[in-house]
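Data block below; observations after.
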Amino acid sequence: MNILVVGGGGREHAIVMKLAESPKVDKLYCTPGNGGIAKYAECFDVKATDIDGVVALAKEVSADMVVVAPDDPLVLGMVDALNENGFRAFGPDKAAAIIEGSKVFSKNLMKQYNIPTAKYEVFSDAQKAIDYIKAENTYPTVVKADGLALGKGVIIAQNFEEAKDAVTSIMEDKIFGQSGSNIVIEEFLTGPEVSVLCFTDGKTVSPMVSSMDHKRALDNDEGLNTGGMGTVAPNPYYTEAVAKECMDTIFIPTIEAMVKENRKFKGCLYFGLMLTPNGPKVIEYNCRFGDPETQVVLPLLKTDLVDIFDAVIDEKLDSLNIEWEKGAAACIILASGGYPKKYETGKEISGLDTKGQAENVLVYHAGTKLDGEKFLTSGGRVLGVTATSDNLKSALDNAYKSVEAIGFDKMHFRKDIGQKALAVK
């Protein structure tokens with residue numbers, strides 16, 4: 001098979017490398033790709049959001065399957081366009097991708113179908129939102145932009161002034177662009193967070209290994225929210241009992257709700273969960289593989305990823321037994337100094353071999369480009385260093401040991417990834 005992967009970050013590198021293991025794959029293509037992906041797939045300079053360009057590229061490379069990985073093209077309807085042109089595409093269509101594309105839609109869906117989530121209200125008027133916050137007078141409170149915002153469209157306000165500033169910056173200053181035309185204000189939930197990615201064909205739900213993300217830029221969960229500074233899998237808080245409760249009260253009800261809404265979801269559905277004192281609740285849905293969760297989940301997958309993608313596309317997931325390694329995985333993100341705010345690019349990266357990987361550790365490229373034989377930084381999150389082992393402590397030790405060998409000017413990473421997970425008895 002010839003497979004085209006759309007996207008160019010660490011998540012896509014993880015998908016490409018897992019597909020490269022399959023004996024069913026002849027040739028891998030990726031657009032736009034990055035420096036690390038270029039070692040495994042032929043990369044093209046077509047933007048991930050260029051629907052016509054990707055359809056034309058799929059024709060040019062005679063793609064037998066197209067994997068659409070990022071949120072933007074899914075929400076824009078890239079899978080619909082590929083299907084209309086006769087291509088087998090992995091990912092939800094536009095009607096289903098709204099589950100991430102609009103937080104207003106997803107919150108209303110949960111309310112209508114009794115899927116547990118935080119109490120919330122929706123606003124399209126900034127003053128009304130501010131009046132509501134004042135009247136509720138409970139902090140912290142959560143302010144979310146309705147649309148896509150690179151995983152950063154959430155502000156947790158500790159007091160009235162911060163909440164008011166959040167509303168103003170999102171709705172009036174448009175810090176997230178048109179994504180902030182509507183906002184959701186919701187109660188602040190407490191408890192351990194869990195990320196669970198699920199393969200689904202719209203009928204069957206097959207959860208992947210659970211993971212724990214680290215969103216804040218600095219150690220001890222301080223600093224600004226980022227796209228994710230590291231992950232570990234499995235998440236120790238996600239016990240068998242919790243997994244069963246999530247399947248019964250959240251996963252299956254969500255898939256069934258989407259079918260009832262005429263929005264059958266086929267692809268990877270990400271559940272961001274909070275294990276509250278009142279049971280698991282949904283913080284957010286994503287319509288695709290999470291980043292960097294994918295970088296710890298896919299290395300533990302034993303089943304051929306091509307078989308899974310085929311089963312999802314053909315709605316035959318119930319006939320496939322998906323197997324996982326028993327061990328653990330840890331991913332440390334190496335970021336450009338200043339991320340998630342302003343940062344410099346074009347810095348030479350040392351410590352990577354010519355394949356872009358380190359010995360016995362997977363180094364996923366997120367924001368890199370190849371310059372001859374050298375790798376240069378080209379984004380905020382630059383690399384994801386992932387180690388697998390039979391236990392989490394050893395995976396973390398191996399990942400951090402590998403990080404020590406890599407360097408670039410102003411490189412920044414958290415030194416406490418996985419510590420909360422290790423503390424769980």
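Scan region 304-403 for trypsin sites (Lys or Arg not before Pro) in coil per DSSP, keeping those whose Cβ has at most 16 other Cβ atoms within 10 Å, and list them by number.
LYS316, LYS326, LYS341, LYS342, LYS355
Determine the order of VAL122, VAL104, VAL5 by accessible area, beginning with the largest, at a probe radius of 1.4 Å.
VAL122, VAL104, VAL5
For region 201-266, calculate the relative contact order in percent as a whole number, restricting contacts to Cα pairs under 8 Å that are 6 or more residues apart.
In percent, rounded to a whole number, it is 35.
Does region 176-311 come out rounded, prolate or oblate, given a ≥ b ≥ c as the square roots of the eigenvalues of its C-alpha gyration tensor, rounded meaning a/c under 1.5 and, failing that, prolate meaning a/b above b/c?
Rounded is the answer for region 176-311, as its axis ratio a/c remains below 1.5.
Full-extension gain between LYS425 and LYS401, please, as 0.36 nm times their residue separation minus the C-alpha to C-alpha distance.
The LYS425-LYS401 span can extend by a further 6.1 nm.
Relative contact order, percent, of region 283-425 when contacts are C-alpha pairs under 8 Å separated by at least 6 residues?
Contact order relative to length: 28 percent.
Just how far, in whole angstrom, is region 34-95 from region 327-344 if you go by their alpha carbon centroids?
26 Å
Normalised by the residues of the chain, what does the relative contact order come to in percent, with Cα pairs under 8 Å and at least six apart?
The value is 17 percent.
Using alpha carbons only, how many angstrom separate the centre of region 165-182 from the centre of region 378-423?
That distance is 34 Å.
GNM, the chain, Cα, under 10 Å: largest mean-square fluctuation among SER181, SER210, SER336?
Taking springs between Cα atoms under 10 Å, the residue moving most is SER181.
Across bins of 10 angstrom width beginning at 0, how are the C-alpha pair distances of region 31-78 distributed, in whole percent?
Answer for region 31-78: a P(r) of 25, 59, 16 percent.
Given a Förster distance of 25 Å, report the FRET efficiency between GLU161 and ASN220 from their Cβ-Cβ distance, rounded to the nearest 0.05.
Plugging the Cβ-Cβ distance into 1/(1 + (r/R0)^6) gives 0.60.
Can you give the Kirkwood hydrodynamic radius of the chain from its Cα pairs, in Å with one decimal?
With all distinct Cα pairs of the chain included, I get 21.8 Å.
Could you compute how much accessible surface PHE188 exposes when probed at 1.4 Å, giving the result in Å² to the nearest 10?
Approximately 80 Å² of PHE188 is accessible to the 1.4 Å probe.
Would you kindly derive the ³J(HN,Hα) couplings of region 32-46 from the backbone phi angles with the Karplus curve 6.51 cos²θ - 1.76 cosθ + 1.60 (θ = phi - 60°), listing them in order in whole Hz, with x for Gly and Pro?
x, x, 7, x, x, 4, 4, 7, 10, 9, 6, 9, 10, 9, 10
Residue separation times 0.36 nm, minus the C-alpha to C-alpha distance between GLU344 and ASP26: what's the value?
110.8 nm
So for the pair ASP173, GLU359, with labels modelled 7 Å out along Cα→Cβ, what separation do we get in nm?
With each label point 7 Å from Cα toward Cβ, the separation is 5.0 nm.
Summing Lys, Arg as +1 and Asp, Glu as -1, what charge do residues with Cβ under 9 Å from the Cβ of ASP80 carry, ASP80 excluded?
Local net charge: -1.
Just name one of SER336, PHE265, ILE322: the one whose Cα is farthest towards the positive end of the charge dipole of region 247-362 (beta-carbon charges, Lys/Arg +1, Asp/Glu -1).
Of the listed residues, the answer is SER336.
The values are calculated or read from the model by the stated rules, or taken from the named source; none is laboratory data. As the structure is a prediction and not an experimental result, all values here were calculated from the model. Please note: Cβ atoms are built from the backbone with ideal geometry, for glycine as well, and neighbour counts cover all protein chains shown. To get the accessible areas, we keep the full protein, side chains included, count just its heavy atoms, and leave off ligands, DNA and RNA. Shrake-Rupley method; radii C 1.70, N 1.55, O 1.52, S 1.80 Å.
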